[in-house]
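Notes follow the structure.
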Amino acid sequence: MNERMDKEICRTIHLLQASMPEPKNRQTSIFALLRIAASEINGFLLTGLFIGVLIFGAVSVKILSMPMLSIFCTAPMPMLLLFHRYVLTCNDKMRELEETFQYSYAEMLIARSTIISCYMFTTLVFLSVTLHFSCGESLLRLALCGAVPSIYLCTLLLFLASIIRNQEGLSVIAIVFWVAFCFLITALPVHQLLQFCSTAVYAGLAILGLFLYSVCSHTIRARGTFYVVRI
């Protein structure tokens, strides 16, 4: 009787194995992941954010007459909104579904953040050009000043998205925090500090931020997500 049951159990296991997902013996091509992530994003939303950022940046620099402060506060906003819409609001069912495919949630997390970063870079270039012609500030300094907060915020959100399970509150907190922070630094003499910093300082901070972003992306892609916090 026991031998017969053992045979039935083994037969059932073999039948179930045929319907189970294949083990991930290799990582999916990054180009395939980027193509999937890009197809998720609404083009009308990207266009609206792009136009809104350019208008807001041009208006703020005319009102405040502080180009470095304007781009420092404006540049990260599209990235924060896109993270809220396409990364931090992804539900558990989508994560479970992705885990059954040939690519995992961790890989899609990297792909989505990469697409958002590329869009952020493109928007930053046009925003810098707009403010450059509006106020005459150095184009390179404007671009680097806007890149620094964008890179570090993107790295921080990417890291938090990999360790925090409930991310709905996180995205809202990040946006509210940044808006409050922008109002605060507008009232404080932060513009003088931003104006005082040289182009080399901005470049060094940007390079360091890109290094941290690369390390974070590689770690998540290699190890996957590991949730340790619930908010």
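The values are calculated or read from the model by the stated rules, or taken from the named source; none is laboratory data. Quantities reported herein were computed from a predicted structural model and do not represent experimental measurements. SASA here: full protein model, heavy atoms, side chains in, ligands and nucleic acids out. Shrake-Rupley method; radii C 1.70, N 1.55, O 1.52, S 1.80 Å.
The figures follow:
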quantity: Listed residues Arg35, Arg223, Arg112 arranged by accessible area, highest first, probe 1.4 Å; calculated: Arg223, Arg35, Arg112
quantity: Leu158 - accessible surface, heavy atoms, 1.4 Å probe, Å² rounded to 10; calculated: 0 Å²
quantity: Ranking by accessible area, most exposed first, for Ile63, Ile55 with a 1.4 Å probe; calculated: Ile63, Ile55
quantity: Solvent-accessible area of Val215 with every protein chain in place, 1.4 Å probe, in Å² to the nearest 10; calculated: 70 Å²
